[in-house]
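What follows is a short report on a single structure.
The values are calculated or read from the model by the stated rules, or taken from the named source; none is laboratory data. All of these numbers come straight from a predicted model, not from anything done at the bench. Cβ coordinates were reconstructed from backbone atoms using ideal geometry, including for glycine residues, and neighbour counts include every protein chain displayed.
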Amino acid sequence: MARLIINGRSLEVNVSPSTPLLWAIREQVGLTGTKYGCGIAQCGSCTVHIDGAAVRSCMVPVSAAVGKQVTTIEGLASGGVLHKVQKAWLDHEVPQCGYCQAGMIMAVAALLRAKPKPTDADIDAGITNICRCGTFQQVREAIHAAAKA
Ligand code: FES
Ligand code: FES
């Protein structure tokens with residue numbers, strides 16, 4: 001058992017401390033916006049925030065999140081208002097199949113928190129999420145739009 005704070009709610013999850021955070025989020029808490037892709041911290045589809053920093057939840061044990069603020073895609077909007085990254089994603093019609101996009105958006109939100117006006121080089125270095133639909137150009141445009149918002 002472990003107590004986690006996810007999207008501002010304190011929740012008990014019935015898993016071992018070494019269970020990947022991704023499975024606690026999806027299977028115990030039922031927040032399925034965070035996706036499983038590779039399971040080895042390569043694709044980024046499982047990206048969530050811990051205390052505002054992007055992490056790949058398939059490789060983070062639940063024990064590492066105890067006592068910290070976990071935010072998933074379901075908690076990114078605030079008070080019914082979309083996060084500026086979500087807004088830019090809609091404006092630029094970024095998603096295709098959508099599978100990678102929750103992780104992509106979470107990674108970008110963390111990047112913009114750390115670097116409010118990222119250069120293309122910052123984006124290349126900071127956003128290593130994989131999109132099998134090849135939305136990378138739309139992602140880049142939407143990041144620059146969100147940075148101006
Ligand atoms: S599922 Fe976590 S990085 Fe791919
Ligand atoms: S939108 Fe399909 S994998 Fe990225």
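Some observations on this one:
- Restricting attention to region 90-105, the residues that are more than 14 Å from the chain's Cα centre (by Cα) and either of a type in the set (S, T, Y) or within 9 Å of V139 (Cβ to Cβ) (or both) add up to 2.
- Verdict on S63 being modelled with pLDDT under 95, at negative phi and away from ligand 2 (no atom under 16 Å from the Cβ): no
- Residues located in region 29-81, provided they are over 14 Å from N7 (Cα atoms) and assigned to a helix (DSSP H, G or I): V62, S63, A64
- Pairs linking a residue in region 2-30 that is modelled with pLDDT under 95 to a residue that is assigned to a strand (DSSP E or B) and away from ligand 1 (no atom under 16 Å from the Cβ), with Cβ atoms under 8 Å and 6 or more positions apart or on different chains, are A2/E12; A2/V13.
- Selection status of A77, more than 9 Å from ligand 1 (Cβ to nearest atom), touching a strand residue (DSSP E or B) at 6+ places or on another chain (Cβ under 9 Å) and closer than 21 Å to G8 by Cβ: no
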